[in-house]
Amino acid sequence: MSGAVILEGRAVRVVRGGKTILRDVDVRARAGEVLGVLGPSGAGKSTLFGALVGEVRLDAGSVYFANDDVTRTPLWMRARAGLGYVPQTPSVLLDLTVRENLATYQRVALGRGGDVGAAAARVALEDKLDVRAGNLGGGERRRLELARAITAGPKALVCDEPFAGVDPAGAERLGQLLRSLAKDDGVAVVLADHHVAEALRVCDVASLLLDGAIALTEPPGAFEAHELVRGRYLGTWSPAP
């Protein structure tokens, strides 16, 4: 059974340079659930995620987090309230160790320090706490970015392309972690990714974003089989057996 709505975008509209990027988008992320926002490149997924976390200004609509209107609340204040974010672009501090990356983020997100070992262990980086982030592989850096969000104890976690640059085994591990965050910790997880098969394995429900608007929302099986998804997004794609 789905939990309470933790993160919600209501009629979100974003216009840039005279072009409407998001068209009155409604999206709801619930506690204990993984929501996938999927669609072709240019559909507006990263813009939507930026709007949800406070990185992108809305031209209309609103964003609610834990029942509070945070439409005009900056990103850092949303983070301190418990809204985690793993951006699409690489964001680890390469000259700092894994431990220092986690501690720095924790101080920014929470305004205080604390133990970071549990977050590192959860993404299997506990043996690399004193390794400089620049010496990590691409998949390890992605896991570090996820660990940073975890260390702040988020109520909701927005992940933009979490499987990017990650090998299949690493993607499966990340998927299991995202499911665990939702099911075991009650986090509302929202993700977008071009690794469709992995994303659908992780999600409880998936929304199709086309031309800046939500075209449909369905459980993974019904989503993948839907005529609109097949025709406008997946084409001849089929999941691995």
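The values are calculated or read from the model by the stated rules, or taken from the named source; none is laboratory data. What you see is a predicted model, and the numbers here were worked out from it, not measured in a lab. Note: ideal-geometry Cβ built from the backbone for every residue, glycine included; neighbour counts use all protein chains shown. Heavy atoms of the whole protein, side chains included, go into the accessibility calculation; ligands, DNA and RNA do not. Shrake-Rupley method; radii C 1.70, N 1.55, O 1.52, S 1.80 Å.
Tabulated data
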{"read-out": "Simple Cβ-charge dipole of the chain, Lys/Arg +1 and Asp/Glu -1, about Cα centre, in debye nearest 20", "value": "500"}
{"read-out": "Gyration tensor (alpha-carbon) shape descriptor, the stretch 110-199, a/c threshold 1.5", "value": "oblate"}
{"read-out": "Label-point gap, in nm, between L110 and E172 - each point 7 angstrom along Cα→Cβ", "value": "3.3"}
{"read-out": "Calculated over the stretch 1-62: convex hull of Cα atoms, volume per residue (Å³)", "value": "84"}
{"read-out": "Furthest towards positive pole of dipole, V98, H194, V70, structure part the chain, Cβ charges", "value": "V70"}
{"read-out": "Cα gyration tensor shape of the stretch 54-99, rounded if a/c is under 1.5, else prolate or oblate by comparing a/b with b/c", "value": "prolate"}
{"read-out": "Convex hull volume per residue for the stretch 149-205, taking Cα atoms only, in Å³", "value": "79"}
{"read-out": "Whole-percent pair-distance distribution, where bins are 10 Å wide, for the alpha carbons of the stretch 69-145", "value": "19, 50, 26, 6, 0"}
{"read-out": "Rounded percent of accessible protein surface that carbon and sulfur make up, the chain, 1.4 Å probe", "value": "50"}
{"read-out": "Student exercise, the stretch 21-97 dipole from Lys, Arg, Asp, Glu Cβ charges, in Debye to nearest 20", "value": "20"}
{"read-out": "Out-of-range pairs (alpha-carbon distance over 28 Å; input K128/K155; K45/K183; K19/K183)", "value": "K19/K183"}
{"read-out": "Cα-derived Rg over Rh, computed across the stretch 26-85 with Rh taken as Kirkwood radius", "value": "0.94"}
{"read-out": "Relative contact order [Cα under 8 Å, 6+ residues apart], the chain, whole percent", "value": "26"}
{"read-out": "Cut-off 20 Å, label 7 Å out along Cα→Cβ of T73, residues of the stretch 152-184 by amide N", "value": "152-160"}
{"read-out": "The chain: calculated mean residue ellipticity at 222 nm from DSSP helix runs of at least 4, using -39500 (n - 2.57)", "value": "-9500 deg cm²/dmol"}
{"read-out": "Theoretical FRET efficiency, 1/(1+(r/R0)^6), r = Cβ-Cβ of A222 and S180, R0 22 Å, to 0.05", "value": "0.35"}
{"read-out": "Directionally averaged projected area (convex hull, Cα atoms, the chain), nm²", "value": "12.9"}
{"read-out": "Range of Cα positions in the stretch 23-124 per principal axis (Å), largest first", "value": "41, 31, 27"}
